[in-house]
Amino acid sequence: MQNFTFKNPTEILFGKGMIREVAGRLPKDQSVLFLYGGGSIKKNGVYEQVRSALKGYRVTEFSGIEANPLYETCLKAVDVVKKEKIGFILAVGGGSVLDAAKFIAAAACFKGNDLWSILRECGNNVKDALPVGAVLTLPATGSEANGNSVISRQSTQEKLYFHSPYVYPVFSVLDPETTFSLSAKQVRNGIVDTFVHIMEQYMTYPAQTPLQDRLAESLLQTLIEVTPVLFKKPKDYESRATFMWTATLALNGLIGCGVPEDWSTHMIAHELTAFYGLDHAETLAIVMPGVWQYKLTAKKKKLEQYGRRVWNVKTAKDAMTRTEAFFHSIKMLTRFGDYKISAKEAARKVRERFAERDSVFGEHEDITPDAVAKILLSRA
């Protein structure tokens, strides 16, 4: 096991009715920015619960955060934060709203003029941020318990991420009942997103980390087991609670402690979303099988272990087949052709972008721009 430091300062408030606990965790002397997305929280009762918890506070609302949060929209929110002298940001929604809140929190305290440099430098230049709290309504990204944020820039068709210890949520409310009104597509995306988060920290090579492997495998098995119930019984509290907690544990840093990590699927997938507007989970489902096939020799032992322990199959090929079949079982497509996108064009665009940045990816840092092109061409 590699050396590691694990620090997660987020307080998790888990369970039915826990939104009311927000009231005791906000600074009374600070104005609060109530940040949310397209208004679905006004249809499922979450908005009213949050407003009730915010009684007595000075609150400014900012809505309209996109499913892939835009830099341009975030800049408008930063202006509001400065104008209204906001001291705390409460993000209510899925991972996109939480990611936007983190960027806004960092940008509001940033000393330089080039706010995009926060993304370009992966957060290494972030020295302070406003405190952020979260009320999660869509399990997927794990953003409720980590310092990660992914932001898209419409003007340049870029999608970049940053990480900073300054933007971990102070607290996050996870009430499974807030997920009851999610569409089947949103649930599907959340399942795939969670699945791939686990895999980016697991599907590398044997590294003498038996406990971490078992933790990752248990999350995968739990996710696979609960998936059918999520669609058949959308208001089954226990299955939604299991899904929600699995998504959080998939990317709160725990299973990544002391293990090699990949993340090439995410880096490639971000560019596909930037160029073609596909949902994040949709791009992950296209790319990951291609990464595994391209890196089959290096990942073979881990693929075989995964196949035995999770799917009860013997070969790496069978493990890959079962994974794509799982995605297909929840109506997640896995090929460019399914979206009428040219794999050749996508390979060229993404290769050129990574070549411009001298980017390399993967646990061995050997997935070059040319390798990315080959991976994408294989997903026609």
Can you compute the modelled spin-label distance between residue 161 and residue 317, with each label point 7 Å from Cα toward Cβ, in nm? 3.2 nm
Straight-line reach check, residue 314, cutoff 13 Å on alpha carbons, 8 or more apart in-chain or any other chain, hits among aspartates and glutamates -> 304
Give me P(r) over segment 331-380, computed from all C-alpha to C-alpha distances, binned every 5 Å, as integer percentages. 5, 23, 26, 20, 15, 9, 2, 0
What share of all Cα pairs of segment 166-279, in percent, falls into each consecutive 5 Å distance bin? 2, 11, 19, 20, 18, 17, 10, 3, 0
Can you put 276, 306 in order, fewest other beta carbons within 10 Å first? 276, 306
Separation between the residue 44 and residue 235 pseudo-spin-labels, each 7 Å from Cα along Cα→Cβ, expressed in nm? 1.4 nm
Go through 42/185; 235/301; 235/299; 300/344; 302/340 and tell me which ones have a Cα-Cα distance over 31 Å in this structure. 235/301; 235/299; 302/340
Please report, largest first and rounded to whole Å, the three semi-axes of the ellipsoid equivalent to segment 1-89, where each semi-axis is the square root of five times an eigenvalue of the C-alpha gyration tensor. 24, 20, 17
Rg(Cα) of segment 167-234 divided by 2.2 N^0.38 Å? 1.34
Hull surface divided by four, with the convex hull built on the Cα atoms of segment 311-350: how many nm²? 3.8 nm²
Whole-angstrom gap from segment 204-219 to segment 309-380, using each part's C-alpha centre: 22 Å
If you wrap segment 248-319's Cα atoms in a convex hull and average its projection over all directions, what's the area in nm²? 5.7 nm²
Run through segment 132-235 and list the trypsin sites (Lys or Arg not before Pro) located in a DSSP loop whose Cβ has at most 14 other Cβ atoms within 10 Å. 235
Considering the chain as a Gaussian network with a 10 Å cut-off on Cα pairs, which listed residue, 270, 364, 197, attains the greatest mean-square fluctuation? 364
With eigenvalues of the C-alpha gyration tensor scaled by 5 and rooted, segment 11-178, Å: 24, 17, 15
Expressed in nm², what is the orientationally averaged projection area of the convex hull enclosing the Cα positions of segment 184-377? 10.5 nm²
Report, in debye and to the nearest 20, how large the dipole of the chain comes out about its Cα centre when Lys and Arg carry +1 and Asp and Glu carry -1 on their Cβ. 580 debye
What is the extension gain from residue 205 to residue 263, computed as 0.36 nm multiplied by their sequence separation minus the C-alpha to C-alpha distance, in nm to one decimal? 19.5 nm
Between residue 117 and residue 79, what is 0.36 nm times their sequence separation minus the Cα-Cα distance? Round to one decimal in nm. 11.9 nm
Segment 58-173: Lys pairs at Cα distance under 20 angstrom, eight or more positions apart or on different chains: 16
Kindly provide the helix-only [θ] at 222 nm of the chain, computed as the sum of -39,500 (n - 2.57) over DSSP H runs of four or more divided by all residues, to the nearest 500 deg cm²/dmol? -14500 deg cm²/dmol
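All of the numbers you see were taken from the coordinates with simple rules; none came from a lab. None of these values were measured; they are calculated from a predicted model. Counting neighbours? That spans all protein chains shown, and the Cβs are built from the backbone with ideal geometry, glycine included.
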